[in-house]
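Some notes on the structure that comes next.
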Amino acid sequence: MVIIMNPEATAENIKAVISTIEDAGLEAKVMDGASQRIVGVIGDKRKLGDVTFEAMDGVEKTVAISKSYKLASREFHPRSSVVDVAGVKIGGTPVVMSGPCAVESREQLFEAADIVKKAGAQFLRGGAYKPRTSPYSFQGLEEQGLKFLAEARERTGLRIVTEVTTVEAVDRVAAYADMLQVGARNMQNFGLLKAVGKAGKPVLLKRGLAATIDEWLNAAEYIMNEGNPDVVLCERGIRTYETYTRNTLDLSAVAAVKHLSHLPIIVDPSHGTGKWRMVQPMAYAAIAAGADGLMIEMHPNPAKALSDGPQSLTPEHFERVMNGVKKLSAFLREEQIAPMEI
Ligand code: PEP
Ligand code: MN
């Protein structure tokens, strides 16, 4: 951090700033600017506790140099992380998580699970607790849905990823799922982030509807700070002024996150666009951009889906996308043209 003094700052003001820094066990370095003096703080800023330099006499402003997130940052962990979810590795060769938006019945889920498995995906996704915009929309089968998911795992060997929406449900969801999903609406539910950080299962952290990349990585930090290093990020589109698509899929976030963080990142072109026709091109673009995987909604019969039918692929379309994704990622690997992590 650097502290920029204002041009009228007195020698006493600067001395007070230096003492505050040194009293916290840190080093202060004073630099002369053209009209202002600048005080650099060297060392771990956390030692400063609640000191507010802006409130001290003669201080113009402070500028942070290092990131507020540490555990999630590539600065402190230069090598890309690989997250192991019950034996399936996320980070590197892309993985695919697919299934219906919501678990609707045993039959629907089993049918979807068989299609997901046959097409070569590694994870079955399906919501048992659904964060719906309207309280009158289908809210999910809750624990019964979790039981169906666990049965589908027995049947197919697919790993299970499902959303947890409340702190109270964390242990229940963790008892059935291989990976806990924190949805976009809960990305800054700090109590929930801390609870999933203690649950002992890898976490899929979706980007908030209006979250900056910095806020998203700080949300990952909350989980990691509880002792859980197994966090995978998921770009799922953000709110912009565009109304044609449900959200604006920010594929540049993949490149940004790869630079800023060592955590794996996957892309959800289903919620990112809201339109099934756009899922295939955006899935290919995500893989080309270096994503570590995809989350794709697929329903045995999208016209009958209880949620997110318009963005759900049919089984036939899903199979086509899977084939394309496999070919594209093999091509990128063989030709060594995958994006560099710089
Ligand atoms: C979902 O994955 O079904 C979901 C609700 O996604 P999001 O939190 O990104 O809206
Ligand atoms: Mn959905």
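The values are calculated or read from the model by the stated rules, or taken from the named source; none is laboratory data. Small disclaimer: the values here were computed from a predicted structure and weren't measured. As a convention, Cβ positions derive from the backbone with ideal geometry for all residues, glycine included, and neighbour counts pool all protein chains shown. What goes into the accessible areas is simple: the full protein's heavy atoms, side chains included, and nothing from ligands, DNA or RNA. Shrake-Rupley method; radii C 1.70, N 1.55, O 1.52, S 1.80 Å.
Does LEU124 fit the bill of being within 16 Å of ligand 2 (Cβ to nearest atom), assigned by TED's automatic domain parsing to the domain that holds GLU168 and in a strand (DSSP E or B)? So LEU124 fits the description; yes.
Identify the residue in the stretch 1-35 that is of a type in the set (Gly, Ala, Ser) and under 38 Å from the mean Cα position of the chain (by Cα) and, among all such residues, is nearest to ILE65 (Cα to Cα). Top of the filtered list is ALA28. Consider PRO100 carefully, then state whether it is within 16 Å of ligand 2 (Cβ to nearest atom) and at pLDDT below 95. Here the answer is no, as PRO100 does not meet what is asked.
In the stretch 156-168, the residues that are within 16 Å of ligand 1 (Cβ to nearest atom) reach residues that are open to solvent by 50 Å² or more (accessible area, probe 1.4 Å) and small (Gly, Ala, Ser) with C-beta atoms within less than 6 angstrom, at least six apart or across chains, in these pairs: ARG159/ALA86.
Here is the figure for the stretch 159-216: residues that are within 16 Å of ligand 2 (Cβ to nearest atom) and surrounded by fewer than 19 Cβ atoms within 10 Å (Cβ to Cβ) total 2. Please determine whether any residue of the stretch 135-142 is free of Cβ contacts under 8 Å to residues at least 60 places away in the same chain, open to solvent by 50 Å² or more (accessible area, probe 1.4 Å) and of a type in the set (Ser, Thr, Tyr). Yes: one or more hits. Each residue in the stretch 29-83 was checked for being basic (Lys, Arg) and not in a loop (DSSP other than H, G, I, E, B), and 6 of them qualify. The requirement of being under 30 Å from PRO300 (Cβ atoms), surrounded by fewer than 18 Cβ atoms within 10 Å (Cβ to Cβ), within 16 Å of ligand 1 (Cβ to nearest atom) and in the same structural domain as LEU205 (by TED's automatic domain parsing) is fulfilled nowhere in the stretch 108-118; no residue meets it.
Report whether or not LEU146 is assigned to a helix (DSSP H, G or I), in the same structural domain as PRO229 (by TED's automatic domain parsing) and surrounded by 15 or more Cβ atoms within 10 Å (Cβ to Cβ). When the stated conditions are applied, LEU146 passes them. Identification of strands (runs of 3 or more DSSP E) wholly contained in the stretch 217-305 with 3 or more residues that are within 15 Å of ligand 2 (Cβ to nearest atom) and not basic (Lys, Arg) yields 293-297. Selection of the stretch 91-103 for residues being within 16 Å of ligand 1 (Cβ to nearest atom) and either in a strand (DSSP E or B) or surrounded by fewer than 23 Cβ atoms within 10 Å (Cβ to Cβ) (or both) yields VAL95, VAL96, MET97, SER98, GLY99, ALA102.
Among the candidates ALA55, ALA24, the residue that is modelled with pLDDT of 95 or more, buried (at least 16 other Cβ atoms within 10 Å of the Cβ) and over 30 Å from GLN122 (Cβ atoms) is uniquely ALA24. Only one of the numbered conditions (1) within 30 Å of LEU328 (Cα to Cα); (2) without any contact (Cβ under 8 Å) to a residue 60 or more places away in the chain is not met by THR10, and that is (1).
Evaluated against (1) within 16 Å of ligand 1 (Cβ to nearest atom); (2) touching a residue at least 12 places away in the same chain (Cβ under 8 Å), THR240 falls short on exactly one condition, (2).
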